[in-house]
1. Under a plain spin-label model, where a point goes 7 Å from the Cα along Cα-to-Cβ, how far apart in nm are LYS64 and TRP105?
2. To the nearest 20 debye, what is the magnitude of the charge dipole of the chain about its Cα centre, counting +1 on the Cβ of each Lys and Arg and -1 on the Cβ of each Asp and Glu?
3. Just how large is the dipole of segment 67-114 about the Cα centre, in debye to the nearest 20, putting +1 at every Lys and Arg Cβ and -1 at every Asp and Glu Cβ?
4. Between ARG19 and SER114, what is the label-to-label distance in nm when each label sits 7 Å out along the Cα-to-Cβ direction?
5. Which chymotrypsin sites (Phe, Trp or Tyr not before Pro) in segment 1-105 sit in a loop by DSSP (not H, G, I, E or B) and have at most 12 other Cβ atoms within 10 Å of their own Cβ?
6. Averaging over all projection directions, find the projected area of the Cα convex hull of the chain and quote it in nm² with one decimal place.
7. Taking Cα pairs under 8 Å and at least six residues apart, what relative contact order does the chain come out at, in percent?
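Read-outs: derived from the displayed coordinates by stated rules, not from any lab. From a predicted model like this one, the values you see are computed outputs, not experimental measurements. For neighbour counting, all protein chains shown are included, and Cβ atoms are generated from backbone atoms with ideal geometry for every residue, glycine included.
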Amino acid sequence: QVQFVESGGGLVQAGGSLRLSCVSSGSMFSIDGIGWYRRTPGRQREFVAAITGSNWTTFVEVVKDRFTISRDNAKNTAYLQMNSLKPEDTAIYYCNSRPLPDGSWGQGTQVTVSS
C-alpha cells in the first residue's frame, strides 16, 4: 500500500501563506493522481484539491483562486500552496491518491489560521 507523509503545516495569521508537502512511496507516482484532503474536529475528511498525472488540477470551490497544487515527479512529492488563508482553513491536511484515496493515510499536518 502506498504511504504518504505530509509536512509544512503551522500557525499563521489570516491572510498569510503556507506550502504543504506530500511525499509518496508509490513507484508509479508520476502517473498517479494525488489529492489533498482536510479534516476539522467533528467533521469528516473533505476533498480540497487534486492533480492528475497530466497536471490537470481541480479544487473545491472555497479554496479556488487561493490554493494551487503542483508536483515534482523526480521527488515523488506533491505540494499545496495556500495563500490568503482564512480561519476556516484551520484543519489537519492529508494527502492520498485520487480519485480513489486507497493509499495509507499519514498523520497529516496541522494548519492553524488565527484571526
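1. Placing both labels 7 Å beyond Cα along the Cβ direction yields 2.7 nm.
2. Numbers: 11 positive and 9 negative charges, 20 e Å.
Here the chain has a charge dipole of around 100 debye.
3. Values: 4 positive and 4 negative charges, 24 e Å.
In debye, rounded to 20, segment 67-114 gives about 120.
4. The two pseudo-label positions are separated by 2.4 nm.
5. Details: sites: PHE4, PHE29, TRP36, TYR37, PHE47, TRP56, PHE59, PHE67, TYR79, TYR93, TYR94, TRP105; in loops: TRP56, TRP105.
For chymotrypsin sites (Phe, Trp or Tyr not before Pro) across segment 1-105 that sit outside H, G, I, E and B with at most 12 neighbouring Cβ atoms in 10 Å, the list reads TRP56.
6. Values: hull surface 25.9 nm².
Result: 6.5 nm².
7. Numbers: 284 pairs, mean separation 43.9, N = 115.
Averaging sequence separation for qualifying contacts and normalising by length gives 38 percent for the chain.
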